[in-house]
Amino acid sequence: MTTTNVTTKSREELIEKFSKPEVISGSEILLRSLLLEGVDCVFGYPGGAVLYIYDAMHGNPDFNHLLTRHEQGAIHAADGYARASGKVGVCIATSGPGATNLVTGIATAYMDSVPMVVITGNVISTLIGTDAFQEADITGITMPITKHSYLVRDVEDLPRVIHEAFHIANSGRKGPVLIDIPKDVSAAKTLFKPVNEVSIRGYNPTVSPNKLQVDKMIKAIKEAKRPIILAGGGVVYSGAHEQLLEFVLKTEIPITTTLLGLGGFPSGNDLWLGMPGMHGTYTANTSIQKADLLINIGARFDDRVTGKLSGFAPLAKIVHIDIDPAEIGKNVHADIPIVGDVKTVLEVANQTATRANLADEWRQEVLASKKQHPFQYKDSDTELKPQWVVELIHETTNGDAIVTTDVGQHQMWAAQYYKFNKPRSWVTSGGLGTMGFGFPSAIGAQMANPDRLVVSINGDGGMQMCAQELAICAINNIPVKVVILNNQVLGMVRQWQELIHENRFSHIDLAGSPDFVKLAEAYGVKGFRATNKEESRKVWEEAMNHPGPAVVEFVVRRDENVYPMVAQGSTIDQMIMGDAE
Amino acid sequence: MKKHTVAVIVNDQPGVLQRVSGLFGRRGFNIESITVGASEEVGLSRMVIVSTGDDHTLEQIIKQLYKLIDVIKVIDLSANAMVSRELALIKVNAEPSARPEVLGVVDTFRASVVDIATNTLMVQVVGDTEKIDAMIELLKPYGIREVSRTGVTALNRGNVSKL
Ligand SMILES: Cc1ncc(C[n+]2csc(CCOP(=O)(O)OP(=O)(O)O)c2C)c(N)n1
């Protein structure tokens, strides 16, 4: 990758460089503060209200900014950067339309607890509230979808605000923080002194668990005959994958990981039952329903996981571990609540955790079920099956790629058929289910991991929501491999209309889509197409060997459905198994 | 469904009322009354919110409020003995002939008359919500012109200071 013409300096070097007190503009303060926070890549789009900020970037040898082609591309890229690296993603947009174009991306990050600092310009302070040109109350608009926000009224506050914003975004339950900076504040000058401490009264996330509660869990494990672990995104976010593995090896409790938890536990491990929920495995779902102890580690009992809430895990005593106390008891009553950082909680638990000795029969039952009910599809030699394509991608990448997806059937097939063994290798919009996310998030993931293979799996629908970002892949040579599973329809909607609306296919036909190969080429990106297995193998290999970005369109069977499926309103063991079984 | 009174100590920042009330709206929590004013400490305001819901809802209200960075402390006032007060101004019809009767009501409620016009009286009453409701009920027959209520403010009884 040849994007960075910027030499990343260490924080020490930067502090050295910036420690000389100097009168500089709010914009300079912003850039210097971002560098001091360790930000090495910012995604954004300029405009009137951020002119001073962009002026400060001009010729700045330290600052690395990627100009996307839409603010939505910038924010999803910042999100992908954060998810794939664990660092805070940063995005900059101008006031009004620039800021409102970020809303979907902010909501996406908020729902999935992704640490992000979003910087927007605003009109000059004296014009705020006058319906000035390109004015929008972006702090007001985003209040329900940010962890916190600031409207900076005084340039003196900037260093503190930026430092606080990074701290809030990346501690406790992570999330997006917005900083709205009026134009006059980014222009105003003051003496810059970096801020290194943060003290926010009343904000003190509980990291260490109550030991008594952990002991209760350990005791419950000893008594359980049919225990199960449900692990979620919290495992990945707190970096607890090693501790989780140790916990499972010690207790030998079967484990299921949610959509966002994929990669938080090695899929090759015998005790892993796959993903639960609407398109989860038969074994994960039935096991949850039979379990007498369910240990939720960093998952939030989303309705896509629980199905009909009143019938969820009806026999189980529930342990719920979460950094956010408000998650505990929100959807499912917790018999043993444990508030704390998942990694710290598991470290404490691992000191005394022992094998769930009464669960031998259960392990056998679960493992037998896992053998008996893998994900299945009817393969075909005449039509290309999307599941087969995902398997091909998995095989040829040895399961080592960072995979990002858009939203729809392809997302579920990617979750089902790509087997993840490492955390932060799976980037997908879970909570909000945002189409348009898949491709730009891959750009962020690649920027954060220049040396890893990044594959973005998209539908033909969602790809058209942010396709313009092919431009930045081309000019910056960001070598993302963009896969399009082209079924010519809004597949997931088609599936629901088939199964729930008696085949009344309303507005799902994507006729009029561009020739994706030509679209790629129009942007200067290499394009490939495959319509059968043989072509697929050949074309995919070529794309992988191509040093730059590539778009690979797989023309797949139109009417394929994702199975199993739990219809809304059903309990999760009421699965439609589909044509494979 | 129970009535719950919570005190929320917040940073005295622009937008904080919007954050708190927005949270109630978005999560479907009911607000029966909300008051905000200065607290004992410079820079902090005290909000008092009366809401209805079951205990699970109350628990969620408190936990969700704590997620707001500007919220310093949430106190479930109704969990302990508390004093809660509301003030109302009631403009009631009072022709000279009806005045003695109206004043009788005012006296009984230990309310006071704060303005007199030819045909109306303005009554000020302080008390808990039930007392004010009752007062309004009793004045209704005379013809109420306007009512303005402050909403409930409250503190727990006793020596303990909660902050
Ligand atoms: C922004 C947005 N709009 C609408 C939806 C609703 N939606 C969910 S899946 C889907 C179909 C996606 O079709 P496509 O991108 O072709 O992927 P496929 O399901 O065919 O794999 C739609 C419209 C959404 N998730 N996000």
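The values are calculated or read from the model by the stated rules, or taken from the named source; none is laboratory data. Fair warning: this is a prediction, and the values are worked out from it, not measured in the lab. Reconstructed Cβ throughout: ideal geometry from the backbone, glycine too, with neighbour counts over all protein chains shown. Accessible surface areas use protein heavy atoms only, side chains included; no ligands, DNA or RNA. Shrake-Rupley method; radii C 1.70, N 1.55, O 1.52, S 1.80 Å.
Scanning the range A:485-518 for residues that are closer than 16 Å to A:Ala543 by Cα and either at pLDDT below 95 or more than 9 Å from the ligand (Cβ to nearest atom) (or both) gives A:Phe516, A:Val517, A:Lys518. Considering the range A:285-306, the residues that are assigned to a loop (DSSP other than H, G, I, E, B) and charged (D, E, K, R) include one that is nearest to the other protein chains (Cβ to nearest Cβ), namely A:Arg300. For the range A:402-414, the set of residues classified as open to solvent by less than 20 Å² (accessible area, probe 1.4 Å) and within 12 Å of the ligand (Cβ to nearest atom) consists of A:Thr405, A:Asp406, A:Gly408, A:Gln409, A:His410, A:Gln411, A:Trp413, A:Ala414, listed by residue number. Is at least one residue of the range A:307-321 away from the ligand (no atom under 16 Å from the Cβ), within 14 Å of chain B (Cβ to nearest Cβ) and open to solvent by less than 20 Å² (accessible area, probe 1.4 Å)? Yes, the range A:307-321 contains a residue that is away from the ligand (no atom under 16 Å from the Cβ), within 14 Å of chain B (Cβ to nearest Cβ) and open to solvent by less than 20 Å² (accessible area, probe 1.4 Å).
Listed here are the helices (runs of 4 or more DSSP H) enclosed by the range A:474-581 that have at least 2 residues being buried (at least 16 other Cβ atoms within 10 Å of the Cβ) and polar (S, T, N, Q): A:491-500. Checked against the criterion of being closer than 20 Å to B:Gly15 by Cα, within 16 Å of the ligand (Cβ to nearest atom) and open to solvent by 50 Å² or more (accessible area, probe 1.4 Å), the range A:143-158 contains not a single residue that satisfies it.
Considering the range A:465-481, and only residues there that are within 13 Å of the ligand (Cβ to nearest atom) and over 24 Å from A:Asn561 (Cβ atoms), the residue that is nearest to the other protein chains (Cβ to nearest Cβ) turns out to be A:Cys466. Residues in the range B:2-25 that are more than 9 Å from chain A (Cβ to nearest Cβ), of a type in the set (A, V, I, L, M, F, W, C) and out of contact with any helix residue (DSSP H, G or I) (no Cβ under 9 Å at 6 or more places or on another chain): B:Val16, B:Leu17. Taken over the range A:429-464, the residue count meeting the criterion of being assigned to a loop (DSSP other than H, G, I, E, B), closer than 23 Å to A:Cys91 by Cα and more than 12 Å from the ligand (Cβ to nearest atom) is 4. Could you say whether any residue in the range B:8-15 is at pLDDT 95 or above and out of contact with any strand residue (DSSP E or B) (no Cβ under 6 Å at 6 or more places or on another chain)? Yes: one or more hits.
Out of everything in the range A:96-148 that is of a type in the set (Ser, Thr, Tyr) and without any contact (Cβ under 8 Å) to a residue 60 or more places away in the chain, what residue ends up being nearest to the other protein chains (Cβ to nearest Cβ)? If we take residues in the range A:96-148 being of a type in the set (Ser, Thr, Tyr) and without any contact (Cβ under 8 Å) to a residue 60 or more places away in the chain, then A:Thr139 is nearest to the other protein chains (Cβ to nearest Cβ).
The residue that is surrounded by the fewest Cβ atoms within 10 Å (Cβ to Cβ), counting only those in the range A:329-357 that are within 14 Å of chain B (Cβ to nearest Cβ) and in contact with a Leu (Cβ under 9 Å, 6 or more places away or on another chain), is A:Asn331.
Of all the residues in the range B:26-79, those that are facing chain A (nearest Cβ under 10 Å) and among the polar types (S, T, N, Q) number 2.
Selection of helices (runs of 4 or more DSSP H) fully inside the range A:1-120 by the criterion of at least 1 residues being over 23 Å from A:Thr428 (Cα atoms) returns A:11-18, A:26-36, A:51-57, A:97-100.
Return yes or no: is A:Gly175 facing chain B (nearest Cβ under 10 Å) and open to solvent by less than 30 Å² (accessible area, probe 1.4 Å)?
yes
For the range A:88-95, state whether one or more residues are over 17 Å from B:Pro14 (Cβ atoms) and surrounded by fewer than 24 Cβ atoms within 10 Å (Cβ to Cβ). No, the range A:88-95 contains no residue that is over 17 Å from B:Pro14 (Cβ atoms) and surrounded by fewer than 24 Cβ atoms within 10 Å (Cβ to Cβ).
Among the residues of the range B:33-48, is any of a type in the set (Asp, Glu) and touching a helix residue (DSSP H, G or I) at 6+ places or on another chain (Cβ under 6 Å)?
no
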